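Since the structure comes first, as structure tokens, the remarks are kept for the end.
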């Protein structure tokens, strides 16, 4: 065991590789002789294609292949990408128009793939793409989250993709009718662009009779299924790998056309091909996030207890269904619909619309940040209208600790929680008592100061089952094969440390192997804050299997009964024997005895239930009324993540999530003009959060260990974003309230904030 025991901060072992340029990213490791792919994309948002001529491109220097949809279909490629559908209120399924990998007859957003060129060099491919003759007849552009006379797809009249409902509408309406107070608020959630540090890319290469496709994604098995189906391949003829990945945030989890096209090209040409997006191409073609508006309503009794909650949402799906585009603002939003409050009358109604923009899908949190943002903005507004303290209003309505396990109104089973304790910790840590003095000091300098609270909860998502394999290698090391996929979270450190804690194997002797469909038969990838919880759970199962397998072998060596052998997480021991082999020594003993069966251990396990991270975020902002500039002065987080394997990495995850939440709140906004052109397609125009807008974060924990897994853990990968948006929104609203601003929506850019203050001043006058 390490000197200071378990659950201690450990710096990331993979960082040495990344910081010294030794990372194995897809564009770094693509075969040197690979052809370069360039996608010809639609320059318009909505049009009928009248001409698509690629003859000149095919004759251009260095060009080996140009593909259109007709070429793919002629080669027997299944041209469409699948998506998950939700059920409408009437029980039917949501609309499912074809999403072709290359445009069929019509283009529906700027950046839609129309053709793809493969040439010996990148410049040759770019030059050839410019020779493609493309003509079209413009069609009306639909950008609103509303029904339209112009149908983007015949399968979705009025562009309505689905109408989803959940809850008891009659009971909710009755509670509203009997309420002493009703509070409502329209709440916008702005479109964001994921902008991972590494853009999307892939390469494909023949491997004998098989095909290898490397993708910088969030898992390999979904891509394997999609590509095998599209190309009509036996899945065993296909190998998918994820090398090092420079960020994903949900955006890289889904299928995209380029992966299918490159796979086909490599197979048809019998040589490697590669494709890597540039930044603007990514901003045009990557799935966007959020982009919804909600009318939130809450009914209260005379004692300010919540009687019912109602949410009516309209969300933008983009031009097509992406993989999980339909479930994000419906099924996943519902997981935490009522948050941490003890209310059993609620109803949500959601309409999803197709628009002439790129698809909208999962972005860090995938529906849970959106749900909590709506709920906590409304709680803050309710406190103001009811004339009560917002912190006390939350306390009054929290699910009591004695009520756990607690079945929510949408069917989630919260296993544990002590929300009042966590909130009290946050109240002390943020020095709420000192806020009045800090506000007065800001006012002396002509600034407005506001404080905002968000109490969040999120549901861990994704496949609750996972697999692991442990092998004792001839070099004396150990390989741990995992079914998740790191996108920068530090999995190599966390998994190795956890196995070391459970077995006594030195951490530096453990290699974590991930992202290869040949080496790992099945896995759930990364997403939904699932990775460490599910992987640690199955690692425990694997370790138990290792101990059970070694025990009879060692009992013979020790000359004792099997029942006498014990493993203390470092060594095997038995009364009556002087032998105390470590796990590594036991493996070497097995190797010497020819017991190769003891050198490989495999397990699969399933979590008995989901865990629910929760906590309080407190943002404190200062607003310059002369310029509209919002400055984040203080930011405090107190999280209940249950037990932590590595607190340092958990804190890093929170920092990243909060940065993304503050980014959306203050700087980020994907904007289109009336013709559907993306106006924020470079970092000159899209406001990424920078270090100069972020404060030092105060991060503390108040753990209530989960009962839904043997480690007592709760996922932490997305929690920072889930809590940050509403904390920031409420803080800015608080700063502007005394100046008469009643509707404060993200992003709080200087112009928007200045305009809010101007409009409020003019209205008052």
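Tally the residues that are more than 30 Å from residue 730 (Cβ to Cβ) and surrounded by fewer than 24 Cβ atoms within 10 Å (Cβ to Cβ), restricting the search to region 454-471. Even if it seems obvious, please write down each step before you answer.
Taking region 454-471 and keeping what is more than 30 Å from residue 730 (Cβ to Cβ), we get 463-471.
Cutting the leftovers down to surrounded by fewer than 24 Cβ atoms within 10 Å (Cβ to Cβ) gives us 463-465, 467, 469, 471.
Adding up the residues that qualify gives 6.
State whether the residues of region 127-134 include one that is touching a helix residue (DSSP H, G or I) at 6+ places or on another chain (Cβ under 7 Å), assigned to a helix (DSSP H, G or I), farther than 22 Å from residue 315 by Cβ and in the same structural domain as residue 95 (by TED's automatic domain parsing).
Yes: one or more hits.
Looking at (1) part of a strand (DSSP E or B); (2) on the phi > 0 side of the Ramachandran plot, can you tell me which one residue 453 breaks?
It is condition (2) that residue 453 fails.
Could you please find all residues in region 380-397 being under 12 Å from residue 181 (Cα atoms) and touching a helix residue (DSSP H, G or I) at 6+ places or on another chain (Cβ under 8 Å)? Before you say what the answer is, go through the steps one by one.
Filtering region 380-397 for residues under 12 Å from residue 181 (Cα atoms) gives 382-383, 385-387.
Result: 382, 383, 386.
If you check residue 549 against the conditions, is it in contact with a strand residue (DSSP E or B) (Cβ under 8 Å, 6 or more places away or on another chain) and farther than 30 Å from residue 373 by Cα? Steps first, please.
Details: in contact with a strand residue (DSSP E or B) (Cβ under 8 Å, 6 or more places away or on another chain): yes; farther than 30 Å from residue 373 by Cα: yes.
So residue 549 passes the test.
Condition test on residue 277, is it within 25 Å of the chain's Cα centre (by Cα) and either crowded, with 24+ Cβ neighbours inside 10 Å or closer than 28 Å to residue 17 by Cα (or both)? I'd like the intermediate steps shown before the answer.
Details: within 25 Å of the chain's Cα centre (by Cα): yes; either crowded, with 24+ Cβ neighbours inside 10 Å or closer than 28 Å to residue 17 by Cα (or both): yes.
Considered against the rule, which asks whether it is within 25 Å of the chain's Cα centre (by Cα) and either crowded, with 24+ Cβ neighbours inside 10 Å or closer than 28 Å to residue 17 by Cα (or both), residue 277 comes out as yes.
Does residue 333 meet the test of being crowded, with 24+ Cβ neighbours inside 10 Å, farther than 30 Å from residue 36 by Cα and not assigned by TED's automatic domain parsing to the domain that holds residue 96? Full working, then the answer.
Details: crowded, with 24+ Cβ neighbours inside 10 Å: yes; farther than 30 Å from residue 36 by Cα: yes; not assigned by TED's automatic domain parsing to the domain that holds residue 96: yes.
Yes.
Which count do you get for residues in region 179-232 that are within 30 Å of residue 384 (Cα to Cα) and out of contact with any helix residue (DSSP H, G or I) (no Cβ under 7 Å at 6 or more places or on another chain)?
The initial filter retains those residues of region 179-232 that are within 30 Å of residue 384 (Cα to Cα), namely 179-192.
When the remaining residues are screened for being out of contact with any helix residue (DSSP H, G or I) (no Cβ under 7 Å at 6 or more places or on another chain), the result is 179-180, 184, 186, 188, 191.
Selection size over region 179-232: 6.
Residues of region 705-756 being buried (at least 20 other Cβ atoms within 10 Å of the Cβ), over 24 Å from the mean Cα position of the chain (by Cα) and assigned to a helix (DSSP H, G or I), which ones?
731, 732, 733, 734, 735, 736, 753, 756
Picking from 27, 82, 33, which residue would you name as being within 30 Å of residue 487 (Cα to Cα) and touching a strand residue (DSSP E or B) at 6+ places or on another chain (Cβ under 7 Å)? Break it down stepwise before answering.
Details: 82 fails: touching a strand residue (DSSP E or B) at 6+ places or on another chain (Cβ under 7 Å); 33 fails: touching a strand residue (DSSP E or B) at 6+ places or on another chain (Cβ under 7 Å).
None of the other options fit; the residue is 27.
For region 739-755, enumerate the residues that are touching a residue at least 60 places away in the same chain (Cβ under 8 Å) and more than 12 Å from residue 630 (Cα to Cα). Write out each step before concluding.
First pass over region 739-755, keeping only residues touching a residue at least 60 places away in the same chain (Cβ under 8 Å): 739, 743, 745-755.
Of everything in region 739-755, those that are touching a residue at least 60 places away in the same chain (Cβ under 8 Å) and more than 12 Å from residue 630 (Cα to Cα) turn out to be 739, 743, 745, 755.
Can you tell me which of (1) in contact (Cβ under 8 Å) with a residue 24 or more places away in the chain; (2) over 37 Å from the mean Cα position of the chain (by Cα); (3) assigned to a helix (DSSP H, G or I) is the one residue 563 doesn't meet?
Checking residue 563 against (1) in contact (Cβ under 8 Å) with a residue 24 or more places away in the chain; (2) over 37 Å from the mean Cα position of the chain (by Cα); (3) assigned to a helix (DSSP H, G or I), the one that fails is (1).
Just wondering, is there one or more residues in region 532-541 that are part of a helix (DSSP H, G or I), farther than 30 Å from residue 26 by Cα, in contact with a helix residue (DSSP H, G or I) (Cβ under 7 Å, 6 or more places away or on another chain) and outside the structural domain of residue 250 (by TED's automatic domain parsing)?
Yes, some residue in region 532-541 is part of a helix (DSSP H, G or I), farther than 30 Å from residue 26 by Cα, in contact with a helix residue (DSSP H, G or I) (Cβ under 7 Å, 6 or more places away or on another chain) and outside the structural domain of residue 250 (by TED's automatic domain parsing).
Does region 603-626 hold any residues that are part of a strand (DSSP E or B) and surrounded by fewer than 24 Cβ atoms within 10 Å (Cβ to Cβ), and which are they? Show your work before the answer.
Step one: of region 603-626, the residues part of a strand (DSSP E or B) are 603-606, 614-623.
The answer is 603, 604, 605, 606, 622.
Hey, does region 295-312 have a residue that's without any contact (Cβ under 8 Å) to a residue 60 or more places away in the chain, surrounded by fewer than 22 Cβ atoms within 10 Å (Cβ to Cβ) and not assigned by TED's automatic domain parsing to the domain that holds residue 39?
Scanning region 295-312, I find at least one residue that is without any contact (Cβ under 8 Å) to a residue 60 or more places away in the chain, surrounded by fewer than 22 Cβ atoms within 10 Å (Cβ to Cβ) and not assigned by TED's automatic domain parsing to the domain that holds residue 39, so the answer is yes.
When region 146-161 is examined, which residues are found to be at pLDDT 95 or above, closer than 30 Å to residue 664 by Cβ and in a loop (DSSP other than H, G, I, E, B)?
152, 153, 156
Could you grab the pairs with beta carbons closer than 7 Å, sequence gap of 6+ or different chains, first residue in region 422-443 and free of Cβ contacts under 8 Å to residues at least 24 places away in the same chain, second one surrounded by 16 or more Cβ atoms within 10 Å (Cβ to Cβ) and outside any helix (DSSP H, G or I)?
Cβ pairs passing all conditions: 439/449.
So which of 324, 300 ends up being at pLDDT 95 or above and farther than 15 Å from residue 184 by Cα? Steps first, please.
Working: 300 fails: farther than 15 Å from residue 184 by Cα.
Criteria check complete, one pass: 324.
For region 673-704, name all the residues that are closer than 15 Å to residue 635 by Cβ and assigned to a loop (DSSP other than H, G, I, E, B).
Taking region 673-704 first, the residues closer than 15 Å to residue 635 by Cβ are 689, 691-700.
689, 694, 695, 696, listed by residue number.
The values are calculated or read from the model by the stated rules, or taken from the named source; none is laboratory data. This structure is a prediction, so every number in the text was calculated from the model and none was measured. Here the Cβ is made from the backbone with ideal geometry for all residues, glycine too, and neighbour counts use every protein chain on show.
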